[in-house]
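*Asks:* Shown below is the structure under consideration.
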Amino acid sequence: MAVLLSVADALARVLHGAEPLPAESAGLLDAHGRVLASDIAALRTQPPEDLSAMDGYAVRAASVEKVPVTLRVIGEVAAGHPFGGSVGDGEAARIFTGGVVPPSADTIVIQENTTRDGDKVAVSTGSSRGRHIRRAGLDFKQGAVLLPKGRRLTDRDLMLAAAMNHPAVPVHRRPRVAVLGTGDELKPPGTTPGPGEIIYSNGYALMALARAEGAEVIDLGIVPDQIEATVAAIRRARQSGADILLTSGGASVGDYDLVQKGLAAEGLELSFWRVALRPGRPMMHGRLGDMQVIGLPGNPVSAYVCAFLFLVPLIRRLSGRADVAPKTESARVGSDLPENDERADYMRATLSVGADGTAVATPVPVQDSSMMAALAKADCLVIREPFAPAVKAGGDCAILRLTAAF
């Protein structure tokens, strides 16, 4: 019997040679969550001029050194409407937040410390030089690189890029993932399955997972167990420009498992088939030219766990991200677990918080790979390495949270 490939070795093969996709210019809203392909420098200085940070009066600090004092109001400054004159001794300009500080004024007296009477304003509390003024360049200066290459853009980064005067930014292209379901027994949701038929469900989770990771999804639908239909679907994936073909079911070697046969007919370079993994041993990976192929098992839990462990890191690598590998967390197991066999086990589990604040992961009672209700209920996967010894409830374990992001 052939030795099964470890999860770590299988992931290394999936990621081997995978490079970030080419750059494209994306508008700011479309750039959210994507990775910068080059440094972004500020095209302007922010603020471009000295601005008032408060509503009040722009004055000379020397004019309010001794208070109370009454000043003559010579003008008004609103945001976007600078005052053309300058402020002299004994003078003040009414100013609002964001207004450009007039020449000669060097401080702002907040309006709470003043009383206005026509063109006169009485100041009860003085203000030191520079008080309540946002100096030009306080935030950033033109030419400063504030968003470096390789950064995954957050909502706050988009705010900054816009303030830097960039309407669009260079980001790596989104990976295109074509998803294909196979099997005579599969019928679309909303139909009435006949004897021996089931409702197709895997693709909806897989497509949602890929989209959550920033990929574009191409739905190839369901193909029957016919070699001609399988090959035609594979060709549609290539013609669509897919970077990844994700199949569900039909990847084994039974008489009706035609995905491998169809891929081989199209020239697949097989990287591996079968992983020391539960659930998901019959997973397959290879390449058709520039298109990567991941053949997932047909059982829904197996398909999802394999996609979570292998598809997500591949999407992230192609997207230009550095944080591609799953990040494990420490927890305590909520029930006794027996010793493990030669396959790594990824057990569906719910999370709770123990009395000491530690996360407690309790595997669902039945770990059958067909059980979608248990998968939907689960918060995480408890990872058990091959040949792991038995562990009692309360013992340490490692988990992966079942979210779109590790």
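Each value in this text was obtained by applying a stated rule to the coordinates, not by laboratory testing. None of the values given here were measured: they were computed from a predicted structure. Cβ placement follows ideal geometry from the backbone for every residue including glycine, while neighbour counts extend to all protein chains displayed.
*Asks:* In Å, the Kirkwood hydrodynamic radius of the chain over pairs of distinct alpha carbons? If you can, show how the numbers build up before the last one.
*Replies:* Numbers: mean 1/r = 0.0389 Å⁻¹.
That comes to 25.7 Å for the chain.
*Asks:* Here is a further query. Run through the range 26-115 and list the chymotrypsin sites (Phe, Trp or Tyr not before Pro) located in a DSSP loop whose Cβ has at most 16 other Cβ atoms within 10 Å. Walk me through the numbers before you get to the answer.
*Replies:* On the way: sites: TYR57, PHE83, PHE96; in loops: PHE83, PHE96.
Qualifying residues, ordered by number: PHE96.
*Asks:* What distance in nm lies between label points placed 7 Å from Cα along the C-beta direction at ALA325 and LYS66?
*Replies:* 7.2 nm
*Asks:* Trypsin sites (Lys or Arg not before Pro), restricted to the range 368-406: which are DSSP loop and have at most 12 other Cβ atoms within 10 Å? Mind dumping the intermediate values first?
*Replies:* Working: sites: LYS377, ARG384, LYS392, ARG401; in loops: LYS392.
For trypsin sites (Lys or Arg not before Pro) across the range 368-406 that sit outside H, G, I, E and B with at most 12 neighbouring Cβ atoms in 10 Å, the list reads LYS392.
*Asks:* Next question. Explain nothing, just the number: relative contact order of the range 169-281, from Cα pairs under 8 Å at least 6 residues apart, as a whole percent.
*Replies:* 31 percent.
*Asks:* Between ILE198 and LEU28, what is the label-to-label distance in nm when each label sits 7 Å out along the Cα-to-Cβ direction?
*Replies:* Going by the 7 Å Cα→Cβ label model, 4.8 nm.
*Asks:* With 10 angstrom as the radius, rank ILE198, ILE399 by how many other C-beta atoms surround their C-beta, starting from the fewest. Spell out each step's value before the answer.
*Replies:* Values: ILE198 13, ILE399 22.
Listing ILE198, ILE399 from fewest to most nearby Cβ atoms yields ILE198, ILE399.
*Asks:* For the chain, what is the relative contact order in percent, using Cα pairs closer than 8 Å and at least 6 residues apart in sequence?
*Replies:* Relative contact order for the chain comes out at 16 percent.
*Asks:* Which entries of LYS66/LYS141; LYS327/LYS377; LYS327/LYS392; LYS187/LYS377 have Cα-Cα distances beyond 28 Å here?
*Replies:* Checking Cα-Cα distances, LYS66/LYS141 exceed 28 Å.
*Asks:* Okay, next question. Please list, in order along the range 210-225, the HN-Hα scalar couplings obtained from phi with the Karplus expression 6.51 cos²θ - 1.76 cosθ + 1.60 (θ = phi - 60°), rounded to whole Hz, x for Gly and Pro.
*Replies:* These are the phi-based 3J(HN,Hα) values: 5, 5, 4, 8, x, 7, 8, 10, 10, 8, 8, x, 10, 10, x, 7 Hz.
*Asks:* Tell me which trypsin sites (Lys or Arg not before Pro) from the range 312-358 have a DSSP coil assignment and no more than 14 other beta carbons within 10 Å of their own.
*Replies:* Filter output for the range 312-358: LYS327.
*Asks:* Right, another one. List CYS306, CYS397 from most exposed to least, where exposure is judged by having the fewest other Cβ atoms within 10 Å.
*Replies:* CYS397, CYS306
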